[in-house]
Structures are given as C-alpha cells and as structure tokens.
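Asks: This is the structure, below, for whatever I ask next.
The values are calculated or read from the model by the stated rules, or taken from the named source; none is laboratory data. Note that the structure is a prediction, hence the values are computed from the model and not measured. Cβ coordinates were reconstructed from backbone atoms using ideal geometry, including for glycine residues, and neighbour counts include every protein chain displayed. Please note that ligands, DNA and RNA were not included when accessible areas were found on the heavy atoms of the full protein model with its side chains. Shrake-Rupley method; radii C 1.70, N 1.55, O 1.52, S 1.80 Å.
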Amino acid sequence: MVDIDQIIAGVEAGDRSALARALTLVESRSPRHQEPRRRLLAWAAARGLDGHRVGITGPPGAGKSTLIEVLGLAAIEAGRRVAVLAIDPSSVLRGGSILGDKTRMERLSLRPEAFLRPTASDGALGGVHARTREAVLVCEAAGYDLILVETVGVGQSEVEVASMVDTFVLLAQPGAGDEVQGIKRGILELADLLVVTKADGDQAALAQRTATQLRSAMSLLRQAHPSWPVPVLQTSSVTGLGIALLLAVVADHRATTSADGALLRQRARQQRQWFNALLHAGVWEVVAADPGVRAAAAAAELSLDAGALASLAASDVLDVVRARLRG
Ligand SMILES: Nc1nc2c(ncn2[C@@H]2O[C@H](COP(=O)(O)OP(=O)(O)OP(=O)(O)O)[C@@H](O)[C@H]2O)c(=O)[nH]1
Ligand SMILES: [Mg+2]
C-alpha cells in the first residue's frame, strides 16, 4: 500500500528518496496507484511553485549529459536547485539498462541541491515522454527551480520535449554544420538556443566553423519570437568554455519570454495540447472497453488485412461506437 501522505510530507521536507518514490508513482500505470497518483498531482499543482523548464536534446553522443552536469553545477553555485530528468527513448527496445550508465553525472548527483532521475520511456500515450510532464510538476513542487530534461534527438522526441519546456536547447557536435541539412529544418525552428559542444582541443576550430554555419542556417529561417534572435553558442564541458554564458543566456530567454507574455501563452498552448492528447487517447480506451466496439474493431482490423480501405474500416467501427452511445 502506498502511503501518499507520508510521501508528500517527505517531498515537502526535501527528502530526495521521497521524491524518487513520488516520481515512481507518477510513472505508474497500475490501477491501484491511480488514486494516490491523482492526490500527488493535485498537491503538486496546489503548491504553486514554478521552475524554469529547459529541454536539452541533440544527437547521440553530442555531449548532453556531460553538459548538463557542468551546467547543473554552475546553476547550483548560483543558488539554484536543479532537477535532471533524463529520458531514453530507445530504452523500451534495449531494456533500459544502458540508461543508468549513461546518466550517472556523478559530481552533480553528489550535490544535495540536485536531483537526478533517469526515466525509462514506456512508449505509450504521448510517446516517449508520457509521464515526464507530471514529473516536472512534482519536481517543481519539491522546490527545484531549474528543471533540465535530457533526451536523445531522434526526430519526434525533440518535438515532444519542445512541447513541455520553456526553453529548448539544441546541441550539435563540431562538424554538424557541414551537414546542416542533416538537422531537420523543423527541429532547428523549434530551438531557442543552439549550442556547439566540445569546443576544445583539436576540435575547437571545427566547432567555430560549425557555429558560423549554424548561424547562417538560422538566419534563413523565420524568427519564431520577435524579441529573441536564436543565439548560437559554443561550449566545452572539459575546459568550462561558454558554460557561464550558456547559463546566463538560458536565464535571459526565460526573462525575455516572461516579460512579453510569450511564456504564459506557450504554457497555455502546451496545456491545451496535452489535454487534447490525453483526452483523445483516453476516450478510445474508455470506448474500447465496450465488448461490441472491441469486436467491431477486431473485425475491421481483419478486414484491413484482407485489403479493405482504412477509412471504410474505421467508419464501420465508428458506426458501432455511435450506436452504442445512443443506446
Ligand atoms: N572533448 C570533449 N568531449 C566531450 C565534451 N562533452 C562530452 N564529451 C565526450 O563525449 C562523449 C559523449 O558525452 P555524453 O555527455 O555522454 O553525450 P550524450 O549526448 O549525453 O550521449 P547520449 O545520452 O548517449 O546520447 C563522452 O565520451 C564525453 O566524455 C566536451 O565538452 N569536450
Ligand atoms: Mg546522455
């Protein structure tokens, strides 16, 4: 049995193991966890504590975790409390065991002001980040005011992360600029900030060229936010180059979008999107619980295999749904 009052009291008292248990509850799909889960989320929403939500994505090995560690440490030095939610979109396929190794961030995890959470994706509703939005909320309620969400960029995952954060940071490795077309235009358009990582040693010159190429690529795109031309920075997690500047620019993005109301509008839009996604998926779950609808859906799927047109097969099922709702 989950003692939700005890968990909430622990989270309020700053107990990180209670927060870890709370997040396990947030991620749980077990029916008996849904009531305590609901109470936890209601508590978190009522706390009214807000954080700066920052998404950090980029191709595999771009240096995301390493950057988050040094950025997180710098933020702590500046008095922030930092939560890191690292999502591995492929963990369903790989069994999730790699996640632990890749997201260790040892120095950061030793700090009492930091909370690290590797999250295995479950591939269900909302794709890879189904429960991350709620995890963000609970971390904020626990008093973390900088929430860093790491995920590997694999196309759709960037779009999902962008739809749950205030500031979306896209990382590129030195050399990535030579194939700027390789970074999908749609993803570049989502970025509030571009960072060329590993600008050190014999990659420093290449990083410089990559930054220049990314700047010219960005200048060809429509500027999404009138008062925010997207900056292109260079960082090194080894030498510390650009880390303080990155932290300042991330904070500046938040300040700029707060000042002109864009942040509020963005959050409202995100809430509505998420509401719609949950509702649509949930409605089907409820409707498909009806044996008649389930049978019709199964028959329609079979007819698809036999060459039926998808739209006609779907109409057949919807007819049954409508009849059931009327009845
Ligand atoms: N020279 C140099 N190497 C770096 C830097 N940042 C990361 N690396 C190295 O790049 C490799 C990948 O770094 P990670 O931080 O694990 O990259 P990631 O993007 O989190 O990787 P995935 O989560 O696996 O996609 C590691 O071997 C790091 O040591 C940097 O600033 N400079
Ligand atoms: Mg990583």
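Asks: So, of the residues in region 72-110 that are among the basic types (K, R) and either within 14 Å of ligand 1 (Cβ to nearest atom) or out of contact with any Gly (no Cβ under 8 Å at 6 or more places or on another chain) (or both), which turns out to be modelled with the lowest pLDDT? Give the derivation first.
Replies: Taking region 72-110 first, the residues among the basic types (K, R) are 80-81, 94, 102, 104, 107.
Within this subset, residues satisfying the condition of being either within 14 Å of ligand 1 (Cβ to nearest atom) or out of contact with any Gly (no Cβ under 8 Å at 6 or more places or on another chain) (or both) are 80, 94, 102, 104, 107.
On the way: R80: 98, R94: 45, K102: 50, R104: 70, R107: 94.
Out of the qualifying residues, it is R94.
Asks: Further question: Name the residues in region 1-41 that are closer than 22 Å to A83 by Cβ, open to solvent by 60 Å² or more (accessible area, probe 1.4 Å) and part of a helix (DSSP H, G or I), would you?
Replies: The first filter runs over region 1-41 and keeps only residues closer than 22 Å to A83 by Cβ, leaving 2, 4, 6-28, 33, 36-41.
Narrowing further to those that are open to solvent by 60 Å² or more (accessible area, probe 1.4 Å): 6, 12-13, 15-17, 21, 24, 38-39.
Q6, E12, R16, S17, R21, T24, R38, R39, listed by residue number.
Asks: Here is a further query. Residue check: is A211 among the hydrophobic types (A, V, I, L, M, F, W, C) and closer than 23 Å to L146 by Cβ?
Replies: Numbers: among the hydrophobic types (A, V, I, L, M, F, W, C): yes; closer than 23 Å to L146 by Cβ: no.
The answer is no for A211.
Asks: Could you tell me which of the residues G63, G51 is buried (at least 17 other Cβ atoms within 10 Å of the Cβ), under 18 Å from D145 (Cα atoms) and in contact with a strand residue (DSSP E or B) (Cβ under 7 Å, 6 or more places away or on another chain)?
Replies: Details: G63 fails: under 18 Å from D145 (Cα atoms).
Only one candidate qualifies: G51.
Asks: Cβ contacts < 7 Å: first residue at pLDDT below 95, restricted to region 281-295; second residue open to solvent by 40 Å² or more (accessible area, probe 1.4 Å) and assigned to a loop (DSSP other than H, G, I, E, B), any location; separation 6+ or different chain. Result?
Replies: Pairs that qualify, where the first residue is at pLDDT below 95 and the partner is open to solvent by 40 Å² or more (accessible area, probe 1.4 Å) and assigned to a loop (DSSP other than H, G, I, E, B), are A281/L125.
Asks: For region 146-163, name all the residues that are of a type in the set (A, V, I, L, M, F, W, C), open to solvent by 10 Å² or more (accessible area, probe 1.4 Å) and at pLDDT 80 or above.
Replies: V152, V159, A162
Asks: Do we find a residue being modelled with pLDDT under 85 and in contact with a strand residue (DSSP E or B) (Cβ under 6 Å, 6 or more places away or on another chain) anywhere in region 200-220?
Replies: First, pick out the residues of region 200-220 that are modelled with pLDDT under 85: none.
No, every residue in region 200-220 fails to be modelled with pLDDT under 85 and in contact with a strand residue (DSSP E or B) (Cβ under 6 Å, 6 or more places away or on another chain).
Asks: Only one of L241, L247, L278 is under 29 Å from M105 (Cα atoms), more than 16 Å from ligand 2 (Cβ to nearest atom), open to solvent by less than 80 Å² (accessible area, probe 1.4 Å) and hydrophobic (A, V, I, L, M, F, W, C). Can you tell me which? Please lay out each step first, then the result.
Replies: Working: L241 fails: open to solvent by less than 80 Å² (accessible area, probe 1.4 Å); L278 fails: under 29 Å from M105 (Cα atoms).
Result of the check over L241, L247, L278: L247.
Asks: Just need a number here: residues in region 194-216 that are open to solvent by less than 20 Å² (accessible area, probe 1.4 Å), over 14 Å from G63 (Cβ atoms) and in contact with a helix residue (DSSP H, G or I) (Cβ under 6 Å, 6 or more places away or on another chain).
Replies: Step one: list which residues in region 194-216 are open to solvent by less than 20 Å² (accessible area, probe 1.4 Å), which gives 194-197, 199, 207, 210-211, 214.
Those still in the list that are over 14 Å from G63 (Cβ atoms) too: 211, 214.
Narrowing the set further to residues that are in contact with a helix residue (DSSP H, G or I) (Cβ under 6 Å, 6 or more places away or on another chain) leaves 214.
Here the count works out to 1.
Asks: Exactly one of these conditions fails for A44: (1) closer than 30 Å to A262 by Cα; (2) part of a helix (DSSP H, G or I); (3) open to solvent by 10 Å² or more (accessible area, probe 1.4 Å). Give me its number.
Replies: (3)
Asks: Under 6 Å between Cβ atoms, which residue pairs at least 6 apart in sequence (or on different chains) link something in region 226-250 that is at pLDDT 95 or above with a partner that is away from ligand 1 (no atom under 14 Å from the Cβ) and among the aromatic types (F, W, Y)?
Replies: Partner pairs satisfying both residue conditions: none exist.
Asks: Let me confirm something: among S236, S315, S303, which residue is among the polar types (S, T, N, Q), open to solvent by less than 60 Å² (accessible area, probe 1.4 Å), out of contact with any Leu (no Cβ under 8 Å at 6 or more places or on another chain) and not in a helix (DSSP H, G or I)?
Replies: Working: S315 fails: not in a helix (DSSP H, G or I); S303 fails: not in a helix (DSSP H, G or I).
Of S236, S315, S303, the one residue that is among the polar types (S, T, N, Q), open to solvent by less than 60 Å² (accessible area, probe 1.4 Å), out of contact with any Leu (no Cβ under 8 Å at 6 or more places or on another chain) and not in a helix (DSSP H, G or I) is S236.
Asks: Looking at the structure I just gave you, is A176 modelled with pLDDT under 85, open to solvent by 10 Å² or more (accessible area, probe 1.4 Å), of a type in the set (A, V, I, L, M, F, W, C) and in contact with a strand residue (DSSP E or B) (Cβ under 8 Å, 6 or more places away or on another chain)? Talk me through it step by step, then tell me what you get.
Replies: On the way: modelled with pLDDT under 85: yes; open to solvent by 10 Å² or more (accessible area, probe 1.4 Å): yes; of a type in the set (A, V, I, L, M, F, W, C): yes; in contact with a strand residue (DSSP E or B) (Cβ under 8 Å, 6 or more places away or on another chain): yes.
When the stated conditions are applied, A176 passes them.
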